[in-house]
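Shown next, in structure tokens, is the structure this report addresses.
The values are calculated or read from the model by the stated rules, or taken from the named source; none is laboratory data. Everything quoted here is computed from the prediction, not taken from an experiment. Here the Cβ positions follow ideal geometry from the backbone for every residue, glycine too, while neighbour counts run over all protein chains shown. Surface accessibility is based on the protein's heavy atoms, side chains included, excluding ligands, DNA and RNA. Shrake-Rupley method; radii C 1.70, N 1.55, O 1.52, S 1.80 Å.
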Amino acid sequence: HAMDSKVGEVLLYYCYCEVKDPERLCAWQKALCQHLHLTGKVRVASEGINGTVGGSKVAINLYIEVMLSQPLFKDILCQEDFKSSAGGSHCFPDLRVGVFREIVPMGIDPKIVSYKETGIHLSPQEFHREVEQYLSQANQGQSNTILLDCRNFYESKIGHFQGCLAPDIRKFSYFPSYVDENLELFKDKRVLMYCTGGIRCERGSAYLRSKAVCREVYQLKGGIHKYLEEFPDGFYRGKLFVFDDRYAICSNEDIISACRYCGTLWDQYKLCSSQHCRQLVLTCPSCHNKGLTACCPVCQEKELKVTSRASGQTLKEECECTRRRPRVPIEYVSQRMLDAGK
């Protein structure tokens, strides 16, 4: 499996633009992907398109070419907007193309907080300089900047920028509440935000700006993906979480997270072994071999029960990890963040 992940590519891109007929764009997109034997997920909405697709190199290049010549995107999308990594169609179980209200699920009506009100986009080079400056100031305990990771906790857990504030949230739709509950934190601050490919920052920065408390809001153009192309050994440490069967891609050898059970350094996710649980778990090979394969003791128990019963039911799992985690964490300002900078 490790070998064939190098054969093709996985492509990540988005384009915010006015789409008059999302249904039609969706049908076209589906036909295009099927024709090129691509798998993955594509979200279409009246505010644009967001996709991550896998296939052969030839198919991916054709796809990019067609996307760049599609009249809808022609003047907005450019070659730079496509981020690719080693992979292929085997990285996704199937192809899903659908029409949604938002191309990234923040849970806020695009009419209320529009992508048109984003922060200031910084190139990887500019962002790198900003982070460098922020880290040296934070070391002297005098920073007016917050380096904000707007991804989910299981993403930032295995890789993040040094000295970042990484919210302990489970999905991006909790991000607006996170901002609301922690407004004090952002007061008069310069915020440098980043995400995987840049799309969550487009809406996230617009939401933060709509609160009118920050001094300035900046975002990393092209996300961590583009940053790592320029600075594979820069201020981003660990792996980059991706939403496909690979779970993570790697630019440096750092491992910054640990096995859930024994604490040894480990950063390769598996799905919790309990049947209906969708949580990811970090469990190292030796713990895995001991049968420690669930995300928490509750799930581990449940798994034993479920396997001994005839399992005809499908439950939406809630487990200890989900219950114990506050939906939206309140940050107790600065000491933790200052320590993180060191």
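Per residue, the average separation of C-alpha pairs within less than 8 Å and at least 6 apart gives the chain a relative contact order of 15 percent.
Calculated FRET efficiency, Ser69 to Cys17, Cβ-Cβ distance, R0 = 25 Å: about 0.95 to the nearest 0.05. Protein heavy-atom accessible surface, 1.4 Å probe, per residue over the chain: 49 Å². For Lys211, a cut-off of 18 angstrom between C-alpha atoms picks up these lysines, skipping any fewer than 8 places away in its own chain: Lys111, Lys116, Lys187, Lys189. Label-to-label distance for Asp94 and Ala248 is 2.9 nm, based on points extended 7 Å past Cα in the beta-carbon direction.
Solvent-accessible area of the stretch 120-249 (1.4 angstrom probe, protein heavy atoms only): carbon and sulfur portion equals 44 percent. Excluding same-chain neighbours fewer than eight residues apart, the aspartates and glutamates reachable from Lys239 by a Cα-Cα span under 19 Å are Glu9, Asp149, Glu155, Asp168, Glu229, Glu230, Glu253, Asp254, Asp267. Over all distinct Cα-Cα pairs of the chain, the Kirkwood formula returns a hydrodynamic radius of 21.4 Å.
Pulled fully out, how much extra length does the chain show between His288 and Glu181, if you take 0.36 nm times their separation in residues and subtract their Cα-Cα distance? Going from the current span to full extension adds 34.7 nm. Note on the stretch 183-238 and the stretch 47-80: Cα centroid distance 24 Å, given to the nearest whole angstrom.
A straight Cα-to-Cα reach below 16 Å connects Lys290 with the lysines Lys270, residues fewer than 8 places away in its own chain not being considered. Potential lengthening of the chain between Lys211 and Ser123 amounts to 29.2 nm, from the contour at 0.36 nm per residue minus the alpha-carbon distance. Here the chain carries DSSP beta bridges of which approximately 60% are antiparallel, counting only pairs with both residues inside. Summing +1 for each Lys or Arg and -1 for each Asp or Glu among the other residues whose beta-carbon sits under 13 angstrom from that of Gly119 gives +4. Remark on the stretch 258-308: ratio of C-alpha radius of gyration to 2.2 N^0.38 Å is 1.06. Packing-based ranking of 13-21, 47-55 yields 47-55, 13-21, ordered from highest to lowest mean Cβ neighbour count within 10 Å. Here the simple spin-label model places points 7 Å from the Cα toward Cβ, and for Trp28 and Glu301 these points are separated by 5.5 nm.
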